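The next block holds one structure in the form of structure tokens; read it before the comments.
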Amino acid sequence: MLLENKVVIVTGAASPRGIGKATARVLAANGARVVILDLREEDAVAAARDLGEGHLGLACNVTRKEDCLVAVEGVLQKYGRVDGLINNAGITQPLRVMDIAAENFDAVVDVNLRGSLYMSQAVIPHMKKQSSGSIVCMSSVSAQRGGGIFGGPHYSAAKAGVLGLARAMARELGGDNVRVNSITPGLIQTDITGDKLTPEMRAEIIKGIPLNRLGNAEDVANACLYLISDLSSYLTGVTLDVNGGMLIH
Ligand code: NAD
């Protein structure tokens, strides 16, 4: 199997219909030991249990450095190694530029961008010691086209920051055989958009998607599998669009 004996952490993976949970399922089906991190311990534990035997669920708020370090310590205690990290935890807010208050900016930048930095910092020393590792950062088409559908400008900025962070980490860590790549999903049907998508909006959006449908969490999960596994052994610093052709550039 592609991920036999590999230990992979997925942040924000307890949301039942989310990209993180779907990714955890795909990684587990390909032989990985999966560690699910999310805000509430009971959600993370239950999500890990859903995957079957041998996986781990831990509470971790990725905006807190201490939480990230403690979580990775727990992973090392249980498995003795960490091979992959998927920086998936994210939040969005549908605000217009003049409505973004300081607390909105902080909340969105903290989870999406600061959280990706803190979690990466928690695993990098161990990946360097192993001389191998793969980190995937979840950005968004919103970073590339200046807004997706539901994210405000602060979300676009945070997700564009994620791309810069990932590329810079890729350059710095290549010599240690630690690869860092990003995924930019288009509109994926998960709970992040809640019930905000009306049938009219959906039809209008689909007109702009060459593959003629919205994305589902498994579409992104399969891209994560590719980037985490050795199938992508000569890729680092790339941005992989998973958007049905919504943005061809
Ligand atoms: P989701 O809301 O279903 O899942 C997000 C998860 O992150 C939740 O489980 C939540 O509890 C967790 N989380 C939030 N704050 C956290 C924190 N501080 N620490 C740890 N966990 C935290 O959303 P989703 O649609 O599955 O999104 C997953 C990722 O994909 C996000 O980064 C999102 O920005 C990105 N994305 C989603 C879409 C889309 O259309 N759904 C498009 C582009 C990018």
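List of remarks:
- Filtering the range 199-249 to residues that are charged (D, E, K, R) and either crowded, with 16+ Cβ neighbours inside 10 Å or under 15 Å from the mean Cα position of the chain (by Cα) (or both) leaves E218, D219, D241.
- Qualifying residue in the range 167-184 (condition: in contact with a Ser or Thr (Cβ under 6 Å, 6 or more places away or on another chain) and closer than 21 Å to P94 by Cα): yes
- Residue count, the range 23-63 (criterion: within 12 Å of V10 (Cα to Cα) and part of a helix (DSSP H, G or I)): 9
- Take the conditions (1) part of a helix (DSSP H, G or I); (2) closer than 30 Å to P153 by Cα; I91 misses just one of them, which is (1).
- In the range 174-198, the residue that is most open to solvent (accessible area, probe 1.4 Å) out of those that are aliphatic (A, V, I, L, M) and either under 15 Å from the mean Cα position of the chain (by Cα) or on the phi > 0 side of the Ramachandran plot (or both) is I192.
- Candidates are the residues of the range 23-37 that are open to solvent by 20 Å² or more (accessible area, probe 1.4 Å) and touching a strand residue (DSSP E or B) at 6+ places or on another chain (Cβ under 7 Å); the one that is farthest from the ligand (Cβ to nearest atom) is R33.
- Verdict on L117 being out of contact with any Ser or Thr (no Cβ under 6 Å at 6 or more places or on another chain), of a type in the set (A, V, I, L, M, F, W, C), within 16 Å of the ligand (Cβ to nearest atom) and under 13 Å from V180 (Cα atoms): yes
- The range 51-69, subset under 9 Å from A122 (Cβ atoms) and open to solvent by 50 Å² or more (accessible area, probe 1.4 Å), residue farthest from the ligand (Cβ to nearest atom): L69
- Taking every residue in the range 74-85 that is of a type in the set (G, A, S) and pairing it with any residue that is open to solvent by less than 30 Å² (accessible area, probe 1.4 Å), at least 6 positions away or on another chain, the pairs with Cβ-Cβ distances below 6 Å are G84/V8; G84/S134; G84/I228.
- Test set (1) open to solvent by less than 20 Å² (accessible area, probe 1.4 Å); (2) within 13 Å of the ligand (Cβ to nearest atom); (3) within 21 Å of C224 (Cα to Cα); (4) not in a helix (DSSP H, G or I) - G148 fails condition number: (1)
- Within the range 1-22, considering residues that are within 20 Å of Q130 (Cβ to Cβ) and assigned to a loop (DSSP other than H, G, I, E, B), the one most open to solvent (accessible area, probe 1.4 Å): M1
- Leading residue by the ranking (modelled with the highest pLDDT) among those in the range 167-198 that are within 16 Å of the ligand (Cβ to nearest atom) and in a helix (DSSP H, G or I): D191
The values are calculated or read from the model by the stated rules, or taken from the named source; none is laboratory data. Owing to the predicted nature of the structure, the values given are computational and were not obtained by experimental measurement. Positions of Cβ are generated from backbone atoms using ideal geometry, with glycine treated the same way; all protein chains shown enter the neighbour counts. Remember, those area values only see protein heavy atoms, side chains included, never the ligands or the DNA or RNA. Shrake-Rupley method; radii C 1.70, N 1.55, O 1.52, S 1.80 Å.
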